[in-house]
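The values are calculated or read from the model by the stated rules, or taken from the named source; none is laboratory data. All values reported here derive from a predicted model rather than from experimental measurement. Cβ: placed from backbone, ideal geometry, glycine included. Neighbour counts: every protein chain shown. Heavy atoms of the whole protein, side chains included, go into the accessibility calculation; ligands, DNA and RNA do not. Shrake-Rupley method; radii C 1.70, N 1.55, O 1.52, S 1.80 Å.
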Amino acid sequence: AIGGAAAERPLADPGAVVRFALPIARTLVNVGMAVLMGALVMAVWALSPERREWRTALDLAAAGGAVLTVASAATILFTYVDVAGIPFSGDATFGAGLAQFVTEIELGQLWLFELLLAAATTVLCFAVRDRRWVLLTMVVALVTALPLAQQGHAAGASGHAQAVNSLLVHLLGASVWLGGLVAVVFVARTVDRARLAVILSRYSTLALLAFVGVAASGVV
């Protein structure tokens, strides 16, 4: 409201639903991605597969992945309506346009890639418990930041590769920082004080690395 984004646009206004729902969906994408990444990185880096903390982190990662999947699907729909400037409809023309958006337009393709990665990672979080498979799942989860980095506002600059790479590091650092903290909050309920101190010290190392990455990429 302060910045003017909530105001009705003079041209090609998508409607109040899209104006408010799109930024909400994007926020849920960011939060879901952070929880997904942070929980998996904490599981691999700081937690023990023989303890309850491991299952808690994987369940949290699955929840984050589910949020990311649903929010990505919603973002695809709202972004299409916003870009195309047409109202919601259940007819074949709307569906054909949406299909064209996710298969032929770069922005739509990136969001479809994000949706597929999120869905695959969510399934893996539910299906695997072995450390090696969880490590693979973590790698896939980290890749979910790539479609967002490629569509960032800096990606169209003259230094495209530098802009995309710096934004990718920025997203990864922020996600691990925030998501790891959320994981600590949930895991803290399942461990004693001595074990929590160990987990916090390991998270602190991650947070420091994330801080350096976020700060350096932010400057870039």
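Somewhere in segment 182-193, is a residue open to solvent by less than 30 Å² (accessible area, probe 1.4 Å), within 18 Å of residue 28 (Cα to Cα), aliphatic (A, V, I, L, M) and assigned to a helix (DSSP H, G or I)? Yes, segment 182-193 has at least one match. Among the criteria (1) within 19 Å of residue 178 (Cβ to Cβ); (2) without any contact (Cβ under 8 Å) to a residue 60 or more places away in the chain, the one residue 36 does not fulfil is (2).
Quick check on segment 206-220: of everything there that is touching a helix residue (DSSP H, G or I) at 6+ places or on another chain (Cβ under 9 Å) and without any contact (Cβ under 8 Å) to a residue 40 or more places away in the chain, which residue is farthest from residue 173 (Cα to Cα)? If you could, list the steps in order and put the result at the bottom.
Initial filter on segment 206-220 (touching a helix residue (DSSP H, G or I) at 6+ places or on another chain (Cβ under 9 Å)): 206-207, 209-220.
Adding the requirement that they be without any contact (Cβ under 8 Å) to a residue 40 or more places away in the chain leaves 207, 209-212, 215, 219.
On the way: 207: 8, 209: 8, 210: 4, 211: 7, 212: 8, 215: 9, 219: 14 Å.
The selected residue is 219.
For every residue, the table says whether it meets (1) farther than 14 Å from residue 33 by Cα; (2) touching an Asp or Glu at 6+ places or on another chain (Cβ under 8 Å); (3) open to solvent by 40 Å² or more (accessible area, probe 1.4 Å); (4) not aliphatic (A, V, I, L, M).
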residue	(1), (2), (3), (4)
90	yes, no, yes, yes
107	yes, no, yes, no
110	yes, no, no, no
117	no, no, no, no
120	no, no, yes, no
126	yes, no, yes, yes
139	no, no, yes, no
146	no, no, yes, no
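Taking every residue in segment 50-72 that is closer than 10 Å to residue 125 by Cα and pairing it with any residue that is open to solvent by 60 Å² or more (accessible area, probe 1.4 Å), at least 6 positions away or on another chain, the pairs with Cβ-Cβ distances below 7 Å are 58/129; 60/186; 62/126.
Within segment 166-220, the residues that satisfy the criterion of being of a type in the set (S, T, N, Q) and over 18 Å from residue 143 (Cβ atoms) are 190, 201, 204, 205. Residue by residue through segment 194-220, note down the ones that are of a type outside the set (A, V, I, L, M) and under 24 Å from residue 30 (Cα atoms). If the condition is that a residue be of a type outside the set (A, V, I, L, M) and under 24 Å from residue 30 (Cα atoms), then 202, 203, 204, 205, 211, 213, 217, 218 are the ones that fit. Just one of (1) without any contact (Cβ under 8 Å) to a residue 40 or more places away in the chain; (2) within 21 Å of residue 25 (Cα to Cα) fails for residue 179. It is (1).
Residues in segment 151-169 that are at pLDDT 90 or above and open to solvent by 60 Å² or more (accessible area, probe 1.4 Å): 169 alone.
All conditions in (1) among the polar types (S, T, N, Q); (2) over 21 Å from the mean Cα position of the chain (by Cα); (3) open to solvent by less than 40 Å² (accessible area, probe 1.4 Å) hold for residue 75, with the sole exception of (2).
Could you list, ordered by first residue, the pairs with Cβ atoms under 6 Å in which the first is in segment 128-148 and touching a residue at least 40 places away in the same chain (Cβ under 8 Å) and part of a helix (DSSP H, G or I) and the second is open to solvent by less than 50 Å² (accessible area, probe 1.4 Å) and of a type in the set (S, T, N, Q), at least 6 apart or interchain? Filtered contacts from segment 128-148: 141/121.
Each row is one residue, and each column tells you yes or no for (1) touching a Gly at 6+ places or on another chain (Cβ under 6 Å); (2) of a type outside the set (Gly, Ala, Ser); (3) open to solvent by 10 Å² or more (accessible area, probe 1.4 Å).
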residue	(1), (2), (3)
6	no, no, yes
20	no, yes, yes
40	no, yes, no
63	no, no, yes
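Listed here are the helices (runs of 4 or more DSSP H) enclosed by segment 1-119 that have at least 2 residues being under 14 Å from residue 141 (Cα atoms) and modelled with pLDDT of 95 or more: 16-46, 52-84.
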